[in-house]
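> The structure is given below, and queries will be raised subsequently.
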Amino acid sequence: MGRNLFKPAKTVDLHAESFIANIEAYDTNELLGESIDILRENLDAAIYWGYPEIKFIHGRGTGKLKQAVYEELKIYKDQGAIRQYYSSYQNEDIVVVIIGI
């Protein structure tokens, strides 16, 4: 990556209301897509900055966001961009992503 990316927070909330002001203007699938975009942006930045780990809050709800998050993380893992990911031992509404080796 030849560009300077922002330094992400160590824990990122993926609930749409935390980063979209007018969520009423979006349908469920659009909100899910926006959340996955936020995950990608922050995970890519964490990889760029050499973070050993980053956490994402997906919550409980219907489980659609959690499922989408885990599917996306599987792609990153399969590509070798991250080492592993797992539910936080303290709070299963959070996924911990281990980046470094």
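> Determine, yes or no, whether Gly59 is on the phi > 0 side of the Ramachandran plot, in contact (Cβ under 8 Å) with a residue 12 or more places away in the chain and under 14 Å from the mean Cα position of the chain (by Cα).
So Gly59 fits the description; yes.
> Say whether the condition of being surrounded by 10 or more Cβ atoms within 10 Å (Cβ to Cβ), free of Cβ contacts under 8 Å to residues at least 40 places away in the same chain and either among the aromatic types (Phe, Trp, Tyr) or in a strand (DSSP E or B) (or both) is met by at least one residue in the range 10-32.
Yes, the range 10-32 contains a residue that is surrounded by 10 or more Cβ atoms within 10 Å (Cβ to Cβ), free of Cβ contacts under 8 Å to residues at least 40 places away in the same chain and either among the aromatic types (Phe, Trp, Tyr) or in a strand (DSSP E or B) (or both).
> Which pairs have Cβ atoms under 7 Å, sit 6 or more apart or on different chains, and link a residue in the range 36-48 that is over 9 Å from Val12 (Cβ atoms) and touching a residue at least 24 places away in the same chain (Cβ under 8 Å) to one that is among the β-branched types (Val, Ile, Thr) and surrounded by fewer than 19 Cβ atoms within 10 Å (Cβ to Cβ)?
none
> Turning to a different aspect of this structure: Within the range 59-85, which residues are at pLDDT 95 or above, surrounded by 12 or more Cβ atoms within 10 Å (Cβ to Cβ) and either touching a Phe, Trp or Tyr at 6+ places or on another chain (Cβ under 9 Å) or not in a helix (DSSP H, G or I) (or both)?
If the condition is that a residue be at pLDDT 95 or above, surrounded by 12 or more Cβ atoms within 10 Å (Cβ to Cβ) and either touching a Phe, Trp or Tyr at 6+ places or on another chain (Cβ under 9 Å) or not in a helix (DSSP H, G or I) (or both), then Val69, Tyr70, Leu73, Lys74, Tyr76, Lys77, Ala81, Ile82, Arg83, Tyr85 are the ones that fit.
> Something else now. With the checklist (1) surrounded by fewer than 12 Cβ atoms within 10 Å (Cβ to Cβ); (2) of a type outside the set (S, T, N, Q); (3) at pLDDT 95 or above in hand, flag the one item Phe6 doesn't pass.
Answer for Phe6: the failing condition is (3).
The values are calculated or read from the model by the stated rules, or taken from the named source; none is laboratory data. Values in this document were obtained by computation on a predicted structure and should not be read as measured data. All Cβ positions, glycine included, derive from the backbone under ideal geometry; neighbour counts span all protein chains shown.
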